[in-house]
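Following: one structure in structure tokens, then a few remarks.
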Amino acid sequence: MAEEKKPILTVKDLVVKFRVRNRELTAIRSVSLTLYEGETLAIVGESGSGKSVLTKTFTGMLENNGSIPSGSIIFEDKELTGIKTDKEWETIRGSKIATVFQDPMTSLNPLKKIGIQITEVLEKHQKMPFAQAKPVAIELMTRVGIKDAERRFNDYPFQYSGGMRQRIVIAIALACKPKILICDEPTTALDVTIQAQILDLIRALQKEDGFTTIYITHDLGVVANVADRVAVMYAGQILEYGTVREIFYDPRHPYTWALISSLPMLAKKGEPLYAIPGTPPTLFNKIVGDAFAPRNRYALNIDFEEEPPFYEISPTHYAKTWLLDEKAPTADPPEAIKTMWKKSNIHVDAMEATK
């Protein structure tokens, strides 16, 4: 019997608001989530769905106009929403929960040598003197695939390619041996070949070090390659979550159906690619009912009046849609969902075997 994984971070009924020009925007609307030790969770959804905002609350990186009026984030028995100062956040941010951002050029200082940017992290968080930090930095550079790391320690970011810069950002994130690594669109700025290399690198390092990974992405191809579980976000809420197999092969929320239907691999020759109609709602206004209802061709009358609860499909799979209510009419999923097995099961099975 496989050992049951322990929760490492628990989010409950989290609400995040921003004050913008004397108006209030609710970016996260009562989100609950449990992250387990050693797993890889992918958070997916359109731009503006709240993916990055949610994970910023784990490291105290909300903008100055952001606040958490209610909810809880527990990490190692510590309530993170109660942390108020940067000094206290420094005991968490970087050292225990680290982030890899999508554009390595905004993460690296162009005026500082690569090696110095790694040693600074070790000096600050690990209290290492430079003489001790330098060989550790060189070892980290080697681990992330930088050849001749000792010589390249003194190079500047402009002397590195985009893929190599992203490897350095990963090295910096792992310098303090964090327990959670947040990867915020880590391959968006890279070409396809380099994307695959970076994903393979993160997966290999996770296997070696045992940290937990959160991927923020809109690319469902990345999800199939790396994730154990998936949380689908829309308009500041999680609408569905489950294992990667459940989300790909047995999705239940119409928004998840729409996301999967838009995959290019499911398009038919000679027909236009599927696009989700309409636009997400403005979060300056109070959302009534299901936020996706105006864009949902499967919407019921109740979707415009009352917010649906989460329905349990399996012990690992939940969806927030009235279609799962016992009184709801049967909804036939789109053709793309029905053909998902034929077009992708071999690919996903192969990727699961490498995890």
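Read-outs throughout are calculated quantities, based only on the coordinates presented, and are distinct from any laboratory measurement. Predicted model, so just to flag it, every value in this text is computed and none were measured. Cβ atoms come from the backbone with ideal geometry, glycine included; neighbour counts cover every protein chain shown.
Counting only helical runs of four or more DSSP H residues, what would the 222 nm mean residue ellipticity of the chain come to if each run contributes -39,500 (n - 2.57) and the total is spread over all its residues? Write out the running numbers ahead of the final one.
Numbers: 13 runs with 115 residues, N = 355.
So the helix-based figure for the chain works out to -9000 deg cm²/dmol.
Across the chain, C-alpha contacts under 8 Å between residues 6 or more apart give a mean separation that, scaled by the residue count, equals a relative contact order of 18 percent.
Per-residue packing, averaged as other Cβ atoms within 10 Å, sorts the ranges 270-283, 317-330, 162-175 into the order 162-175, 317-330, 270-283, beginning with the highest.
How would you order 248-259, 289-300 from highest to lowest mean count of nearby Cβ atoms within 10 Å? Walk me through the intermediate numbers first.
Values: 248-259: 23.2, 289-300: 19.8.
Sorting 248-259, 289-300 by mean packing, highest first, produces 248-259, 289-300.
Taking 2.2 N^0.38 Å as the expected size of a compact globular protein, what ratio does the Cα radius of gyration of region 65-199 give against it, to two decimals? Mind dumping the intermediate values first?
On the way: Rg = 16.0 Å, N = 135, 2.2 N^0.38 = 14.2 Å.
In units of the globular-protein estimate, region 65-199 measures up at 1.13.
List, in the order given, every pair from LYS6/LYS177; LYS6/LYS327; LYS84/LYS134; LYS5/LYS84 whose Cα-Cα distance in the structure shown is over 28 Å. Please list the in-between numbers first.
Details: LYS6/LYS177 19 Å; LYS6/LYS327 36 Å; LYS84/LYS134 33 Å; LYS5/LYS84 30 Å.
Violating the 28 Å Cα-Cα cut-off are LYS6/LYS327; LYS84/LYS134; LYS5/LYS84.
Taking the alpha carbon gyration tensor of region 176-243, multiplying each eigenvalue by 5 and rooting it gives semi-axes of 20, 16, 11 Å, largest first. If you take the Cα centroid of region 93-157 and the Cα centroid of region 300-315, the two points sit 47 Å apart. Computed from Cα positions, the angle between helix 130-143 and the longest principal axis of the chain comes to roughly 50 degrees.
Could you give log10 I(q)/I(0) at q = 0.15 Å⁻¹ for region 232-354, computed by the Debye formula over C-alpha point scatterers of equal weight, without solvent? Normalising to I(0) and taking log10 leaves -0.74.
Against the empirical 2.2 N^0.38 Å (N residues), region 217-291 has a Cα radius of gyration ratio of 1.20.
An ellipsoid equivalent to the chain, defined through the eigenvalues of its Cα gyration tensor, has semi-axes of 36, 24, 19 Å when rounded to whole angstrom and sorted largest first.
Rg over Rh for region 18-124 works out to 0.98, using Cα positions for both radii and the Kirkwood form for Rh.
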